[in-house]
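The values are calculated or read from the model by the stated rules, or taken from the named source; none is laboratory data. Note that the structure is predicted; figures quoted are calculated from it, not measured. Please note: Cβ atoms are built from the backbone with ideal geometry, for glycine as well, and neighbour counts cover all protein chains shown. Heads up: the accessible areas ignore ligands, DNA and RNA and are worked out on the full protein's heavy atoms, side chains in. Shrake-Rupley method; radii C 1.70, N 1.55, O 1.52, S 1.80 Å.
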Amino acid sequence: MNRAQEAKEAFGQRAKSYILQGLGLEEKSGKVKCPYHEDKKPSMTWYQEGLMWRCHACKEQVDIYRYLMEHESMTFPEAVDKVADMAGYGETIRSAKREYVLPKIQTTELSQKAIDYMAKRRITKDTLDAWRVESHVWKGQEVYAFQYFDESERLIYVSYRGVGKGAIKGGCEPDTKPILWGMWHVDKNQPLVITEGQPDAMCVYQAGYKNVVSVPNGSNNLKWIDNCWEWLQGVKQFIVFGDNDSPGREMAENIKRRLKNVTILISDKRKDANEVLYFDGPEVLKRMVDDAANAMPAGLLDVSQMPYR
């Protein structure tokens, strides 16, 4: 569990009244008027499991972090520290910050087997080269080495993925700092696409939209937000391309709650960006991303407006 979630859970149900008081809302029969739309009758209720108020009409949500960032003008790290302090053990959480090391590994050029396997997913050798994907022997097997360089071209993190079906699933170099994959080629003045996996990022790039990164550890770990916080503040707009499944949607929603100017998109007929490229072609994938920077067209779902299941 990361420190933000730990602090949020420690503060727990106290967030309910804290948010209400801060927004000047009055609860009647378990409901309040939603502050995010013209709510003629109360339609926002407290979601106890998620520790947030959510509206059943407009689908907006507000947890303690969104409230502190939007209404008390805090950054996300400041909000985490405040919630930890209010929960009664801020110093314990702050002292638990990890010390990271820089990765030191040996890599080689991709084998033909590794190139061919990615080709089956419609990812070309040129794309692999552009993303600096190389081979590494990890736990006795050949794996893809995804190297995470920061904006200063320093190697900060390395994650692995097995080659071929049935291969080792993957992992990362121990004690290294997870950051976004692809930070070295980002233009912060353009909308930045964030995907759930490295192949998805490469597919978006190959389709012609170059300003794209991938999260480092899948949908369940958002530690990269803390680690990249200052860098993220310079990005003007985010497009989170989530997988069309429950973890992907939850990841997208969590990112939107923590960052500003986030559009969430998801294909309504494909699992992820890789499947869109594979089945529908690069033109369709590129158009989806271009359209997401403006309005949500038919064929996309904005999961921030989807009901909970």
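Which entry in (1) 36, 24, 16; (2) 25, 23, 21; (3) 48, 22, 20 is this structure's computed semi-axes √(5λ) of the Cα gyration tensor in Å?
(1)
Contour minus end-to-end for residue 261 and residue 9, with contour as 0.36 nm per residue of separation and end-to-end as the Cα-Cα distance?
Working: separation 252, 0.36 × 252 = 90.72 nm, distance 2.57 nm.
Value of the extension gain: 88.1 nm.
With the cut-off at 1.5 for a/c, could you classify the stretch 6-89 from its C-alpha gyration tensor as rounded, prolate or oblate? Write out the running numbers ahead of the final one.
Working: a/c = 2.21, a/b = 1.73, b/c = 1.28.
Note, shape of the stretch 6-89 comes out prolate.
Given a Förster distance of 25 Å, report the FRET efficiency between residue 278 and residue 139 from their Cβ-Cβ distance, rounded to the nearest 0.05.
In this case the efficiency is close to 0.30.
State the dimensionless ratio Rg/Rh of the stretch 151-309 (Rg: radius of gyration of Cα atoms; Rh: Kirkwood radius).
Values: Rg = 15.0 Å, Rh = 15.9 Å.
That ratio equals 0.94.
When a/c is below 1.5 the answer is rounded, else prolate if a/b is larger than b/c, else oblate, so apply that to the stretch 22-169 with a ≥ b ≥ c taken from the square roots of the Cα gyration tensor eigenvalues.
Numbers: a/c = 3.29, a/b = 2.08, b/c = 1.58.
Taking the square roots of the gyration eigenvalues as a ≥ b ≥ c, the stretch 22-169 is prolate.
Between residue 86 and residue 23, what length comes free when the chain is fully extended (0.36 nm per residue of separation minus the Cα-Cα distance, one decimal in nm)? Before the final figure, lay out the partial values.
Details: separation 63, 0.36 × 63 = 22.68 nm, distance 1.81 nm.
Fully extending the segment from residue 86 to residue 23 adds 20.9 nm.
If we count GluC sites (Glu not before Pro) as exposed when they sit in a DSSP loop and have at most 12 other beta carbons within 10 Å, what is the longest stretch of the chain that avoids them all? Provide the component values of the computation, followed by the final result.
Numbers: sites that count: 26, 38, 49, 72, 99, 109, 153.
The longest uninterrupted stretch comes out as 154-309.
Can you compute the helix-only [θ] at 222 nm over the chain? Use -39500 (n - 2.57) per DSSP H run of at least 4 residues, normalise by all residues, nearest 500 deg cm²/dmol. It would help to have the intermediate numbers written out before the result.
On the way: 13 runs with 108 residues, N = 309.
Only helices count here, giving -9500 deg cm²/dmol.
Could you check how much of the accessible area of the stretch 1-134 is carbon and sulfur, as a whole percent, using a 1.4 Å probe? It would help to have the intermediate numbers written out before the result.
Working: 3510 of 7710 Å².
The nonpolar share, carbon plus sulfur, comes to 45 percent.
Quick check: net charge around residue 103, other residues with Cβ under 11 Å of its Cβ, Lys/Arg +1 and Asp/Glu -1? Numbers along the way, then the final one.
Values: positive: 104, 154, 177; negative: 173, 175.
Local net charge: +1.
Averaged per residue, what accessible area in Å² does the chain show with a 1.4 Å probe, protein chains only? Provide the component values of the computation, followed by the final result.
Values: 15020 Å² over 309 residues.
For the chain, the per-residue accessible area is 49 Å².
Figure the gain on full extension for residue 230 and residue 268 (residue separation times 0.36 nm, minus the Cα-Cα span) and round it to one decimal in nm.
Working: separation 38, 0.36 × 38 = 13.68 nm, distance 3.32 nm.
Gain on stretching residue 230 to residue 268: 10.4 nm.
Between the stretch 210-248 and the stretch 1-78, how far is it from one alpha carbon centroid to the other, in angstrom?
23 Å
Got the relative contact order for the stretch 160-309 handy, in percent, Cα pairs under 8 Å and 6 or more residues apart?
Values: 243 pairs, mean separation 32.2, N = 150.
Answer for the stretch 160-309 is 21 percent.
Of all beta bridges DSSP finds with both residues in the chain, what is the antiparallel percent, to the nearest 5? Please report the intermediate quantities before stating the final value.
Values: 29 of 40 bridges.
Restricted to the chain, the bridges split so that about 70 percent are antiparallel.
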